Amino acid sequence: MPKQEVTAVLQAWRAGTPGAADQLFTLVYDELRRMARGRMRGERQNHTLQPTALVHEAYVRLNEVDLDWKDRAQFFAMAATEMRRVLIDHAKAAAAIKRGGGLIKVQLQNEDVAKSDDVDLVALGEALEELRTLSPRLAKIVDLRYFGGMSFEEMAWTLQISLTTTKADWKKARGWLRTRLEQ
């Protein structure tokens, strides 16, 4: 999927060009599915939300965002954020149904926020919102890496910061979240 083509279709979509939303969905669907599959890999086996549903729900929410898309990177960063929100909303609904029990657990990868501990997605979402008030960039790094499945190089390019800064920010964000989630 050529970056320029996605950017051009994004701009056409935001300008209200007929058929642009369908064309965009066709262009980005495979990448969104890859992101969703990566995110869902850490979910429990009997999770009721499937990657396809996660992609569709996130895409619906992206349609509701009134944003003048700059480029492909901004779109995928926002898609990662919306996928996180969908998963958190799903976890909250499941917890409410069970009156506080049975929170959805997410198995974090060793290099992720915690060392192979189960972390409930609602607590992670709340911690991320707290981090966002302290450091929006650190929170965005977590969104892109954990929920978007982006590499350090992709995150650096998306945020227009150096690779070294990206890795340092990831280390800071991961440490902050680990401390916050252990409280």
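Taken together, the values in this text are just the output of simple stated rules run on the coordinates, not laboratory data. Just so it is clear, the structure is predicted and the values come from calculations on it, not from any experiment. No Cβ is skipped: glycine too gets one built from the backbone with ideal geometry, and neighbour counts run over all protein chains shown.
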Response to the item:
On the formula 1/(1 + (r/R0)^6), with r taken between the Cβ atoms of GLU182 and GLU130 and R0 of 22 Å, the FRET efficiency rounded to 0.05 is 0.95
Item to complete: Using packing as a proxy for protection, rank 135-142, 18-25 so that the peptide with the highest average count of other Cβ atoms within 10 Å comes first.
Response: 135-142, 18-25
Discussion item. Could you list TYR146, TYR59, TYR29 so that the one with the fewest beta carbons within 10 Å of its beta carbon is first and the one with the most is last?
Written reply: TYR29, TYR59, TYR146
Item to complete: Order these peptides, 6-17, 62-73, by their mean beta-carbon neighbour count within 10 angstrom, highest first.
Response: 6-17, 62-73
Response to the item:
Extension length gain for ALA53 and TRP157 (0.36 nm per residue less Cα distance), in nm, is 34.6 nm
Item to complete: At 0.36 nm per residue, minus the direct Cα-Cα distance, what do ASN63 and ARG41 gain on full extension? Give it in nm, one decimal, please.
Response: 5.4 nm
